[in-house]
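Data first, discussion second: the structure below is written as structure tokens.
The values are calculated or read from the model by the stated rules, or taken from the named source; none is laboratory data. From a predicted model like this one, the values you see are computed outputs, not experimental measurements. Neighbour counts run over all protein chains shown; Cβ positions are idealised from the backbone, glycine included. When the accessible area is computed, the model is the full protein with side chains, heavy atoms only, and any ligands, DNA or RNA have been set aside. Shrake-Rupley method; radii C 1.70, N 1.55, O 1.52, S 1.80 Å.
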Amino acid sequence: MLKRQPITLCVIGVLVAVALSHASHMYFYGIRTSTVMFLKTLMYYLLLICIIDSPQRLKGLLKTIAISSSVMILLCVIDYVGIFDFEFIKHVSDRDGVSDAGEVIRVFRMRGTGIFQDPNDLSVLIVTTGILCWYFFNDPAASPLRFLWVVSMIILGIGLIYTRSRGGLLTLGIAGMVFVLPKYGKKAAIACAVVGMAGVTVLAGRQGNIDLNSGTGHDRILLWREGLSAIKSPDLLFGIGEGQYSDLAGLAAHNSFVHAFTELGLFGGTFFIGCFFFAALGIYRLAQFQSKNHGRPIFRSRELERYLPYAGAILAAWCGGMMSLSRCYVVPTYMVVGISAAYLNLAGASLARPTPLVYWNKQHVIYLLGVSMGMLIAFLIFVRIFAH
């Protein structure tokens, strides 16, 4: 069964990598604490893919996420604009460079509650929730109350602006391109990207000012460099140890893939990438089936057919967000992975000829290793060019 669902195999592989990252340094306390910590996340993931065994349950989970996230973001917006002061919500004033007069420029940014207190974290949640709201608004079986989802999307858009997150805006662009691509083709996706970039440059203010040579953008590249410089022999295979990146560089990597490679080595970094590689591969194959069928249904379930472009957009949004966030071990990341795995399980069973969409075999392992090494080399080249 693990071969028939390699996403689950990769999540279990991350657990093994967490233990080995400390075992390779004979740090026994770290083995116990880190393994127990990630084991809880793994249990959540396994419960999710076991319980979500029908399109109705998948839709119910997605609606729960959309409603609860929208309510939380609404409370944050109310607090941010000063309508009501909630004691459990605290926003943050971040440093945003230095003016020509030598004065420090600060920007007031909206934060969420609980595990979403980083504005960049919150922005990725906002984009993901917006995709779900659009999915439910377009539900042909919904009642006239579906127009409430439009209200939610307006609030989410306001919240995204208040986070002042450049990464959130990039995440929105990535999700939009992936959503448009299977439905309208490459030309439409490229056109949307060009129009979006032009609009961002003019309208988005701080969020549209993305500079890799100075400011926070360059600071993050320097953090990537610190991590990538550390994964040399003997830490190349199993990494420096889970939770050790901050001790190495002073802060987290602000890139989940660099973070995984550094802390878990090639072994764990490859399994972490595999969680998203196999999910993306399965969704891509479904999109290919759909394209070759010239618009005719490929599933016995209409709801699974309708969810396909949204599944790709959510996965792309979360991967895009992880390029500027270190979220290798947290529950929301594996919630997105679990939803993708559950959807692919249901989709494979709903095809005219039920079959696993991805499979753990020699060919796919070679693909995964190639993608993993390609990403690592790309990060090394990128850091070499821009870190100074």
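Exactly one residue out of F108, F116 is in contact with a Pro (Cβ under 9 Å, 6 or more places away or on another chain) and either among the charged types (D, E, K, R) or more than 24 Å from R306 (Cβ to Cβ) (or both), and it is F116.
Given the options F108, F147, name the one that is open to solvent by 30 Å² or more (accessible area, probe 1.4 Å), of a type in the set (F, W, Y) and not in a helix (DSSP H, G or I). So the residue among F108, F147 that is open to solvent by 30 Å² or more (accessible area, probe 1.4 Å), of a type in the set (F, W, Y) and not in a helix (DSSP H, G or I) is F108. Could you count how many residues in region 249-282 are open to solvent by 10 Å² or more (accessible area, probe 1.4 Å) and free of Cβ contacts under 8 Å to residues at least 40 places away in the same chain? Result for region 249-282: 4.
The condition of being assigned to a loop (DSSP other than H, G, I, E, B) and without any contact (Cβ under 8 Å) to a residue 12 or more places away in the chain holds for only one of S233, S326, S246, that being S233.
Residues checked against (1) touching a Leu at 6+ places or on another chain (Cβ under 7 Å); (2) open to solvent by 20 Å² or more (accessible area, probe 1.4 Å); (3) under 28 Å from H259 (Cβ atoms); (4) among the hydrophobic types (A, V, I, L, M, F, W, C):
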{"site": "E303", "(1), (2), (3), (4)": "no, yes, no, no"}
{"site": "R306", "(1), (2), (3), (4)": "no, yes, no, no"}
{"site": "M322", "(1), (2), (3), (4)": "no, no, yes, yes"}
{"site": "L325", "(1), (2), (3), (4)": "no, no, yes, yes"}
{"site": "V336", "(1), (2), (3), (4)": "yes, no, yes, yes"}
{"site": "S350", "(1), (2), (3), (4)": "yes, no, no, no"}
{"site": "P356", "(1), (2), (3), (4)": "no, yes, no, no"}
{"site": "F379", "(1), (2), (3), (4)": "yes, no, yes, yes"}
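From the list I115, I105, the one residue that fits, being touching a residue at least 12 places away in the same chain (Cβ under 8 Å) and of a type in the set (A, V, I, L, M), is I115. Here G102 fulfils each of the conditions (1) open to solvent by 80 Å² or more (accessible area, probe 1.4 Å); (2) at pLDDT below 90; (3) in a loop (DSSP other than H, G, I, E, B) apart from (1).
Looking across S152, S165, one residue alone is crowded, with 22+ Cβ neighbours inside 10 Å, modelled with pLDDT of 90 or more and among the hydroxyl-bearing types (S, T, Y). It is S152. Checked against (1) at pLDDT 90 or above; (2) surrounded by 12 or more Cβ atoms within 10 Å (Cβ to Cβ), C50 passes all but condition (2). Checking each residue in region 205-260 for being on the phi > 0 side of the Ramachandran plot and at pLDDT 85 or above picks out G239, G241, G243, H254.
For region 79-99, taking the residues that are open to solvent by less than 50 Å² (accessible area, probe 1.4 Å) and either under 26 Å from the mean Cα position of the chain (by Cα) or of a type in the set (D, E, K, R) (or both), the one that is farthest from V337 (Cα to Cα) is identified as D96.
Inclusion of D79 among residues that are among the charged types (D, E, K, R) and touching a residue at least 60 places away in the same chain (Cβ under 8 Å) is not warranted.
If you go through region 340-347 one residue at a time, do you hit one that is at pLDDT below 95, surrounded by fewer than 19 Cβ atoms within 10 Å (Cβ to Cβ) and in contact with a helix residue (DSSP H, G or I) (Cβ under 8 Å, 6 or more places away or on another chain)? Checked against the condition, which is being at pLDDT below 95, surrounded by fewer than 19 Cβ atoms within 10 Å (Cβ to Cβ) and in contact with a helix residue (DSSP H, G or I) (Cβ under 8 Å, 6 or more places away or on another chain), region 340-347 yields no hits at all. What about G321, is it outside any loop (DSSP other than H, G, I, E, B), within 30 Å of R164 (Cα to Cα), modelled with pLDDT under 95 and not hydrophobic (A, V, I, L, M, F, W, C)? In short, yes.
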